[in-house]
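Worksheet: one structure, shown below.
The values are calculated or read from the model by the stated rules, or taken from the named source; none is laboratory data. Since this is a predicted model, take the numbers as computed values, not measurements. Ideal geometry is used to build each Cβ from the backbone, glycine not excepted, and the neighbour counts take in all protein chains shown.
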Amino acid sequence: MTTATVPVPSSPPNPLSILGWTLVALPGAGSIGVLAWSRGEPVNAFLMVVAALCVFAINYRFHSAWLMAKVLTLDELRATPATVNAVVRSTWTSTI
């Protein structure tokens, strides 16, 4: 069984990319930390929004890379829906 896979780039991470994602992670971690440590104090909704947006951005970046590499790879042995439906249609019409 052979499968065609999308090559995953193995280049070292760009320092500018690392700095950018660090700048996204720090406000998110700070906002989540403030939310976790505020006991009985009124919490600003802006902190919740910042925390959620940072978590979503990091999740989108890294989870989508995993999905593209592992889940959405091409498999030349897997039948397409058109092929499967053609087989079903041909067996259905031959029995009538």
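Okay, residues lined up against (1) modelled with pLDDT of 75 or more; (2) in a loop (DSSP other than H, G, I, E, B):
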site: Ala36; (1), (2): yes, no
site: Arg39; (1), (2): no, yes
site: Pro42; (1), (2): yes, yes
site: Leu47; (1), (2): yes, no
site: Cys54; (1), (2): yes, no
site: Arg61; (1), (2): yes, no
site: Ser64; (1), (2): yes, no
site: Leu74; (1), (2): no, yes
site: Arg78; (1), (2): no, yes
(message) When the residues of the range 35-85 are narrowed to those that are of a type in the set (Ser, Thr, Tyr) and loosely packed, with under 11 Cβ neighbours inside 10 Å, which ends up farthest from Ala25 (Cα to Cα)?
(response) Thr83
